[in-house]
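Participant: Shown below is the structure under consideration.
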Amino acid sequence: MIWWNRLSAKMKALIGRKQLDRDLEEELRFHLDMQQQAGAHDARRQFGNVTSLKEACRERWTLARLELWWQDARYSVRTLSLNPGFAATAITVLALGIGVNATVFTLVNAVLFKDQPFENSDKILYVTGTRPARGGDYQSISYPDYQDLRAQSKSFESLAAFETDGASLSDDAGFAEHYRGLRISANGFSAIGQKPVMGRGFSPADEAPGATPVAMVSYRLWETRYGRSSSVIGKTVRINVEPTVIIGVMGGGFLFPGETDVWRPLIPAAEFAQRDHRFLTLFGKLADGESLSSAQAELSTVAWRLAREYRQTNQATGIVIRSFNQLALRRELRYMFLAMLGAVAFVLMIACANAANLMLGRAVGRGREISIRVALGAGRWRIIRQLLMESVMLASAAGALGWFVAKSGAGMFARAIASTGPPPWLDFSLDYRVFFYICAISVTSGILFGLAPAIRLSRLDVIRALKDGGRSAGTGRRGNFLSGFLVTVEMALAVVLLAGAGIMIRLFLANVTQPIGVDTRNILTMELALPTSRYPGDREQTAFFDRLTKEAAAIPGVRTAAIASSVPGTQTLTYQYQLEGDAPVEKAAVPRVEGVVAGDGYFPVLQTGVLRGRDFAETDRAGAAPVVIVNQLFAAKSWPGQDPVGKRLRLWHPNPRQAQSAAAQPFATVVGVAPDILQDSPEMAPLIYLPYRQEPQWSMALMVRAAVPVKTLGDALRRALQSLDAELPASRPVTTLDERIDQNRWPLRVFGTLFTVFAAIALALASIGLYAVVAQSVTRRRHEIGLRLAVGAGQSGILRLVFAKGLRQLAIGLAIGLPIAFALSQVLQQAMDMPVSHVADVLAGAALILSLAGILGCIVPAMRAMRVDPAITLRHE
């Protein structure tokens, strides 16, 4: 048809949507006039419905637009292929920025976004208590509160509960092993839609008092201990010595929540009726149509009602709903991953600034091409679109390389933390989130670094550009200002990253190089927890550890053995204290001190002795006068300039459930002063030691110092333990003290290394960016430099000219970046809960390193400027 051919020709020439709409309006008005003249029936038969016509026109417009985009893409590929050096440089720079971003996002995705490896795990939410009066600290929920929340909640399909409970499993299949276990309500698995792959799940009858003890095991346990034998169903084993029937095996990869291997029903006991006995975590699947905010509002309302009804136990409590990642990950690690994501965002911005400067430098050679296209009728938007297409193509190629960088980086991170035993639910593989993230940052980066050069080129003075061959493109005051601004931004971002890396390195080095205070070599550790069902009282626990120490000391190759509540370099107990003679203070102001409960052979095992006074002895037992040993820092803090031996202090646990009131505690006498030994803190801190016979603990660590290679004593220690109690396994694998300390330090070691790598990349990119801008400036000013040399300017003057360009931008970048770096250092220290001394030194070091890198970036262009031949330059001009 004539009208359709005319319409198609118009659409092919369209450039913008507004022009299309005007043409469509004219075309439709033409056909409406024809309708009125020929009659509605004939018009519909000839041309169809007006709405269908409009849709057909818009479809043809879309196809035309896609064809134009395809033409731009093909032209971009041809243009970039003509300058492979530029393309390779830009892609490499961007691939570094995109690759490290994708690497960190892969880690963040695994830790913060990925859920447990079972169906619909992302819809499972966890409910815990909170204490607003203590800054929102999390706490567990009591069984009566769980029943009330379950009965009154409509936001969850079903609300279930669990409590963590270690499981020591023993049978005729081998040595007793310790597994992570849960006590879970009977509706727990149905609440999350999971069924066993073998056997049956829990029923309400299984959690009734007096029911036959039953358990379900993980696929991992079934595979490693029982070789996937089907006879495990109905098998009677001993879990914490209690005969228990295995009734089901869960599917592969299901370790809910986190890394559990044994599940047992939550059977109510007498103490469950107490509302202040909080030990449960609730979980469930949101009902259809419900959101996290609505569920939070509903449960908070229920908690408010309970607080009003039970003021004595619930007045200062609240409810908070969290995801699994929020439940399982420590706050410090979460902040650290987010800090890394911010750090690599800086790296990407530096890479984009570098690419933008490369595009501006390339604009010098493209001025004539763009001018000719404008002279032939190309509009400004068409020029911008074409140039943006080129930058997006570069970024897309860099994104493809970034995928492989992220894959390698995530693999290296997984291998770096393999020795620490990362949770099995952490999956560092690249999934659809990482893919879309790379696509998003690639396109965004392409637009980001391509927009400014594109706008700059679209504003060319066509006559001037054609007249001088296009050499003025990208130059001038605006072009120079834009290049300088980009370099200044790079410098500011680089110094912030360097300062952040310096903080992390300072934290890591302070933690690693901080002397433990003892010789940690040739010490083997074994941690174990005594079940209260068989060791209910202090007497039974003390007697067991006495026998274990003697059995371990008798092993051939062992020099000495001792027990302690925690080994050096790991977490300690916390006590509140009051020095004799001090006036009582308010509860919130009572001082605290870290403490270790130790046996009388503790200091000999560490090959250090008591500096003053005496060590613990067997006579320091229950019923005897309480004694305590303090370290040098505590003695200097509490009794400066005095002899601490013979001084007295009162100790009690901050948790009122662990001890009586402070006034009821007797004063303990200081019998010795020990050297400072590092525990779970960045630096030496005040510390006290208590004899384990006066302060019995159900969980202790056995330490032995060996005269033979320590690795050969692992089985001997286990056999010594089994000889005393065949049903009792070690709660952690037997390791050396050095390995145990290293496991406790892995976050700073790994994250410090990553921050250093990011800072090194940022420093290299910033230096390259400064070099490129200064080199371009020298190239553009060759005529000026030649003229200066011709009229007698010395080389020192040329050096000042070149260095002034680079160092001015470096100084501005430092002036902007250093205050930001200082603020970042404060945030980073608060997030890590670790103070850093001499922050000013770190900032000064970052500024010095960046300055040296900037000077190096200026040296090569300066030397090139000094080699300019005035005669050749002036003759050429």
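The values are calculated or read from the model by the stated rules, or taken from the named source; none is laboratory data. Everything numeric here is computed off the predicted structure, so don't read it as measured data. All Cβ positions, even for glycine, are placed from backbone atoms using ideal geometry, and neighbour counts span all protein chains on display. Just the protein is used for accessible areas: all its heavy atoms, side chains included, with ligands, DNA and RNA removed. Shrake-Rupley method; radii C 1.70, N 1.55, O 1.52, S 1.80 Å.
Participant: Points 7 angstrom from Cα along the Cβ direction at residue 539 and residue 590: gap in nanometres?
Facilitator: The answer from the label model is 3.0 nm.
Participant: Going by average Cβ neighbours within 10 Å, how do the peptides 608-616, 382-390 rank, with the highest at the top?
Facilitator: By packing density, highest mean first, the sequence is 382-390, 608-616.
Participant: Another question about this same structure. Quick one: which of 194-203, 226-235, 399-408 comes out on top by average Cβ neighbours within 10 Å, and what's the full order, highest first?
Facilitator: Going by the mean number of other Cβ atoms within 10 Å, highest first, we get 399-408, 194-203, 226-235.
Participant: Given the Cα-Cα distance of residue 224 and residue 756 and 0.36 nm per residue of separation, how much length would full extension add, in nm?
Facilitator: Going from the current span to full extension adds 187.5 nm.
Participant: Order of 732-741, 641-650 by packing, highest average Cβ count within 10 Å first?
Facilitator: 732-741, 641-650
Participant: Please compute the alpha carbon radius of gyration of the stretch 535-724, then divide it by the globular-protein estimate 2.2 N^0.38 Å. Two decimals is fine.
Facilitator: Relative to the rule-of-thumb radius for its length, the stretch 535-724 sits at 1.06.
Participant: Rounded to the nearest 10 Å², what accessible area does residue 75 show when all protein chains are kept and the probe is 1.4 Å?
Facilitator: It works out to around 60 Å².
Participant: Taking 0.36 nm per residue of sequence separation and subtracting the Cα-Cα distance, how much length would be gained by fully extending the chain between residue 855 and residue 681, in nm to one decimal?
Facilitator: Length gained, residue 855 through residue 681: 58.7 nm.
Participant: By accessible area of protein heavy atoms, probe 1.4 Å, what ranking do 340, 349, 412 get, highest first?
Facilitator: Putting 340, 349, 412 in descending order of accessible area: 412, 349, 340.
Participant: Further, regarding this structure: For the stretch 208-289, just say rounded, prolate or oblate: build the C-alpha gyration tensor, square-root its eigenvalues into a ≥ b ≥ c, call rounded for a/c under 1.5, and beyond that prolate if a/b exceeds b/c, oblate if not.
Facilitator: Note, shape of the stretch 208-289 comes out oblate.
Participant: Then there is this: Too long at a 28 Å Cα-Cα cut-off: which of 235/711; 154/235; 114/407; 114/235?
Facilitator: Beyond 28 Å: 235/711; 154/235; 114/235.
Participant: Counting only heavy atoms of protein chains, what accessible area per residue, in Å², does the stretch 140-316 have with a probe of 1.4 Å?
Facilitator: Accessible area per residue, the stretch 140-316: 44 Å².
Participant: Let me know the shape class of the stretch 234-329, please: from the alpha-carbon gyration tensor, a ≥ b ≥ c as square roots of the eigenvalues, rounded when a/c is under 1.5, otherwise prolate if a/b is greater than b/c, or oblate.
Facilitator: In terms of gyration-tensor shape, oblate.
Participant: Follow-up. Please state, rounded to one decimal and in Å, the Kirkwood hydrodynamic radius that the stretch 140-316 gives when every pair of distinct Cα atoms enters the mean of 1/r.
Facilitator: So the Kirkwood estimate lands at 17.4 Å.
Participant: Report ³J(HN,Hα) in whole Hz for each residue of the stretch 392-403, in order, from the Karplus equation J = 6.51 cos²θ - 1.76 cosθ + 1.60 where θ = phi - 60°; Gly and Pro get x.
Facilitator: 5, 5, 4, 5, 5, 5, 5, x, 5, 5, x, 4
Participant: So if R0 is 51 Å, what FRET efficiency would residue 307 and residue 88 give, r being the distance between their Cβ atoms, rounded to the nearest 0.05?
Facilitator: 0.20
Participant: Counting only protein chains, not ligands or nucleic acids, how are 439, 352 ordered by accessible area (probe 1.4 Å), most first?
Facilitator: 439, 352
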